[in-house]
Amino acid sequence: MSTAIISSIDCHLHKMFDGHPENPSRIDAISDRLMISGLEYSVSHVDAVAVSKQDLLLVHESTYLEQLSSQQPMSGLFDIDDDTQMCSETIIAAKKAAGSGVQAVDLILGKQQTSVFCNIRPPGHHAKSNQAGGFCFYNNIAIAAAYALEKGGIDRVAIIDFDVHHGNGTEEIFEENNQVMFCSLFQQEIFPFASKNAVNPLHIKNALAPGAGSNEFKELVTSHWLPALREFKPQILFISAGFDGHREDDIAQMMLEDADYAWITKELVALKQDVGALGIVSMLEGGYETQALARSVVAHVKALVDD
């Protein structure tokens, strides 16, 4: 068993306004760096398949899906919010992104892989059950986790979100679910302006101050996340893998390094082994300085491969 990467050429189809940081060059930069690193040849490659409506309905309301479909323009852009637009091919890209997570779960459950990284876009963790926003349309990680619980005979999963922005959509979707532990760190007082308080006791939310770096990050994970995760004993680990907390990414002001993403991945791999989890599903969220993003993803994937 090994590591797979799932992606799709269709994830290039979604485009927003010129100069938007969430653009197709992100996944190209990752693919190029994986090839340069040699990791490209150490993993299996799988083409993403579009998510089914049935699986979308595991976390999204049917009226929302209908609304999103009706908003997709024939040409030009439709504004969801100031930072999020739909183009004529947004939905096919978003369906491939969401479908990759379902495929990853099937690969883990079928014991074909021990870990999967989904190099996809658009991202998903800001999408709520009935609302798009924050560059997100379908909540990719939530769909994958709900699919594992509904279809895979899984009782407990954990979602670890280390994107610099809080996964407010994921929190909302699983707010009343006692089968999902959700760990989210985020820079305080930036989008989506999340409170540190959680309604669900299985939700661990940690806000970091601007300028926080490796020491604060490692202390948070070691003191708050890992003990709770070991006690919860998730059967699959899901990662909302956002790399926009990197010091070179100017979308926020955290000071993480490539090595920090390798470190947390190694810690999660060790956790998987300790609790006997079936595997790890990692899905790309943020990360907008493409070279820092690509290097950080390589560090992340290498730690998964070394499992």
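Just so you know, all these numbers are worked out from the coordinates, no wet-lab data involved. Bear in mind the structure is a predicted one, so any value in this text is a computation, not a measurement. Reconstructed Cβ throughout: ideal geometry from the backbone, glycine too, with neighbour counts over all protein chains shown.
Quick check on this structure: which one of Thr63, Thr90 is closer than 26 Å to Ala145 by Cβ, touching a helix residue (DSSP H, G or I) at 6+ places or on another chain (Cβ under 9 Å), of a type in the set (Ser, Thr, Tyr) and in contact (Cβ under 8 Å) with a residue 12 or more places away in the chain?
Thr90
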| said: I'd like to know if the stretch 283-295 contains one or more residues that are among the acidic types (Asp, Glu) and crowded, with 24+ Cβ neighbours inside 10 Å. | reply: yes
| said: Could you go through the stretch 98-107 and let me know if any residue there is in contact with a Phe, Trp or Tyr (Cβ under 6 Å, 6 or more places away or on another chain) and either within 26 Å of Phe193 (Cα to Cα) or of a type in the set (Gly, Ala, Ser) (or both). | reply: yes
| query | Are any of the residues in the stretch 192-199 surrounded by fewer than 18 Cβ atoms within 10 Å (Cβ to Cβ) and of a type in the set (Val, Ile, Thr)? | reply | yes
| Tally time: how many residues in the stretch 223-278 are under 16 Å from the mean Cα position of the chain (by Cα) and on the phi > 0 side of the Ramachandran plot? | 0
| Hey, among Ser44, Ser8, Ser2, which residue is touching a strand residue (DSSP E or B) at 6+ places or on another chain (Cβ under 7 Å), hydroxyl-bearing (Ser, Thr, Tyr) and under 17 Å from Gly124 (Cβ atoms)? | Ser8
| message | Considering only the stretch 117-134, I want to know if a residue exists there that is among the aromatic types (Phe, Trp, Tyr) and over 13 Å from the mean Cα position of the chain (by Cα). | response | no
| request: Of the conditions (1) of a type outside the set (S, T, N, Q); (2) in contact (Cβ under 8 Å) with a residue 40 or more places away in the chain; (3) buried (at least 24 other Cβ atoms within 10 Å of the Cβ), Lys218 clears all except one; give me its number. | output: (3)
| note | When (1) charged (D, E, K, R); (2) touching a residue at least 60 places away in the same chain (Cβ under 8 Å); (3) more than 29 Å from Asp106 (Cβ to Cβ) are applied to Glu22, the one that fails is (3)
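Return the residues of the stretch 36-58 that are farther than 21 Å from Thr90 by Cβ and not aromatic (Phe, Trp, Tyr); say none if nothing qualifies. Let's see the steps before the verdict.
Applying the first criterion (farther than 21 Å from Thr90 by Cβ) to the stretch 36-58 yields 36-46.
Across the stretch 36-58, the qualifying residues are Ile36, Ser37, Gly38, Leu39, Glu40, Ser42, Val43, Ser44, His45, Val46.
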| request: Quick one: which residue in Arg26, Arg33 is touching a Ser or Thr at 6+ places or on another chain (Cβ under 8 Å), of a type in the set (Lys, Arg), farther than 30 Å from Glu176 by Cα and surrounded by 17 or more Cβ atoms within 10 Å (Cβ to Cβ)? | output: Arg26
| query | So is Val298 touching a strand residue (DSSP E or B) at 6+ places or on another chain (Cβ under 9 Å) and among the β-branched types (Val, Ile, Thr) or not? | reply | no
| request: Would you confirm whether any residue within the stretch 259-266 is in a loop (DSSP other than H, G, I, E, B) and either within 21 Å of Thr170 (Cβ to Cβ) or in contact with a Phe, Trp or Tyr (Cβ under 7 Å, 6 or more places away or on another chain) (or both)? | output: no
| task | Could you please tell me which pairs satisfy a Cβ distance under 6 Å, a separation of 6+ or placement on different chains, a first residue in the stretch 265-278 that is over 17 Å from Gly110 (Cβ atoms), and a second residue that is part of a helix (DSSP H, G or I)? | result | Thr265/His300; Thr265/Ala303; Lys266/Ala303; Leu271/Leu229
| note | Residue hits (the stretch 267-291; out of contact with any helix residue (DSSP H, G or I) (no Cβ under 9 Å at 6 or more places or on another chain), over 20 Å from His125 (Cα atoms) and in a loop (DSSP other than H, G, I, E, B)) are Gly276
| task | Would you tally the residues in the stretch 11-23 being under 24 Å from Tyr41 (Cβ atoms) and either surrounded by 21 or more Cβ atoms within 10 Å (Cβ to Cβ) or charged (D, E, K, R) (or both)? | result | 1
